[in-house]
Amino acid sequence: MLVAILIALIAATLIQLAISRTREYAADADGARICGSPLGLARALEKLEIGARLRPMAVSPAAAHLFIVQPLRGEGLAGLFSTHPPIPERVARLRQMAYQADLTPAYL
């Protein structure tokens, strides 16, 4: 019974984080539609990522979700518990959006 409870807690956490990452992708797409420049937003994300690497911050994991760029480094299995999708994946999606020229606002 204890093992089942632990597995359920881990599964619930992973689902919650997956939803958070999905919302990040949706926010990127909406932002690109509003400003009309997916490539501009992609470049801005790349600059933020470079800045976060050059000047890492001491951030509590409880506050990581408040940042535009993931302040904590999670590679491999630790990436599953990340609140943010990787910047290269976000940039790739924005570039694909620019290629498809899908700039219709989501609220229309």
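Here are a few things to note about the model shown:
- Close pairs from the stretch 51-73: first assigned to a loop (DSSP other than H, G, I, E, B) and of a type outside the set (A, V, I, L, M, F, W, C), partner loosely packed, with under 15 Cβ neighbours inside 10 Å and at pLDDT 70 or above, Cβ under 6 Å, at least 6 apart: Pro71/Met57; Pro71/Val59
- Hey, Gly40 assigned to a helix (DSSP H, G or I), surrounded by 11 or more Cβ atoms within 10 Å (Cβ to Cβ) and modelled with pLDDT of 85 or more or not: yes
- Any hit, the stretch 26-34, residues being more than 14 Å from the chain's Cα centre (by Cα) and surrounded by 14 or more Cβ atoms within 10 Å (Cβ to Cβ): yes
- Condition met for Met1 (surrounded by fewer than 13 Cβ atoms within 10 Å (Cβ to Cβ), more than 24 Å from Arg95 (Cβ to Cβ) and modelled with pLDDT under 80): no
To keep it simple, each residue is scored yes or no on (1) under 15 Å from Glu24 (Cα atoms); (2) at pLDDT below 70.
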site: Leu45; (1), (2): yes, no
site: Glu75; (1), (2): no, yes
site: Phe81; (1), (2): yes, yes
site: Pro85; (1), (2): yes, no
site: Ala106; (1), (2): yes, yes
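- A single entry from Ile19, Ile7 fulfils the requirement of being more than 16 Å from the chain's Cα centre (by Cα), β-branched (Val, Ile, Thr) and modelled with pLDDT of 75 or more: Ile7.
- Residue within the stretch 5-22 that is in a loop (DSSP other than H, G, I, E, B), out of contact with any Cys (no Cβ under 6 Å at 6 or more places or on another chain) and exposed (fewer than 12 other Cβ atoms within 10 Å of the Cβ) present: no
The values are calculated or read from the model by the stated rules, or taken from the named source; none is laboratory data. As the structure is a prediction and not an experimental result, all values here were calculated from the model. Reconstructed Cβ throughout: ideal geometry from the backbone, glycine too, with neighbour counts over all protein chains shown.
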